[in-house]
Amino acid sequence: MIVNVKATNKHNGEVISYKLEGDSAAGFFYEGTHMQEVADNKIREVNNTLILQDSPLYTIKAGESAELERMSFDIEINAE
């Protein structure tokens with residue numbers, strides 16, 4: 001499954017958009033790297049937010065969308 005991620009930084013308005021690939025059993029990857037091991041600090045920070053308790057990342061199904069409002073980011077995810 002492919003998950004489109006769009007995160008807006010609440011402090012400076014910067015928008016970060018990227019795709020994660022995988023599933024809840026095998027985990028999610030960004031360009032072949034596990035989502036928690038991504039070198040890009042901004043993407044890794046968003047990913048760390050996505051793995052927190054009550055995040056829809058692990059329950060979302062293809063065709064669904066979800067929004068998360070956190071302290072630093074507003075995050076939208078869409079599953080394909």
Surrounding charge for Gly32, neighbours by C-beta under 13 angstrom, Lys/Arg +1, Asp/Glu -1, total -2
Once phi for every residue in the stretch 3-14 is put through the Karplus expression 6.51 cos²θ - 1.76 cosθ + 1.60 (θ = phi - 60°), the whole-Hz ³J(HN,Hα) values, with Gly and Pro written as x, are 10, 7, 10, 10, 10, 10, 6, 6, 7, 10, x, 5
Stretched fully, the stretch from Arg44 through Lys10 gains (0.36 nm per residue minus C-alpha distance, one decimal, in nm) 10.6 nm
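No value in this document is a laboratory result; all are computed from the given coordinates. These numbers come from a predicted model, not from an experiment. Here the Cβ is made from the backbone with ideal geometry for all residues, glycine too, and neighbour counts use every protein chain on show.
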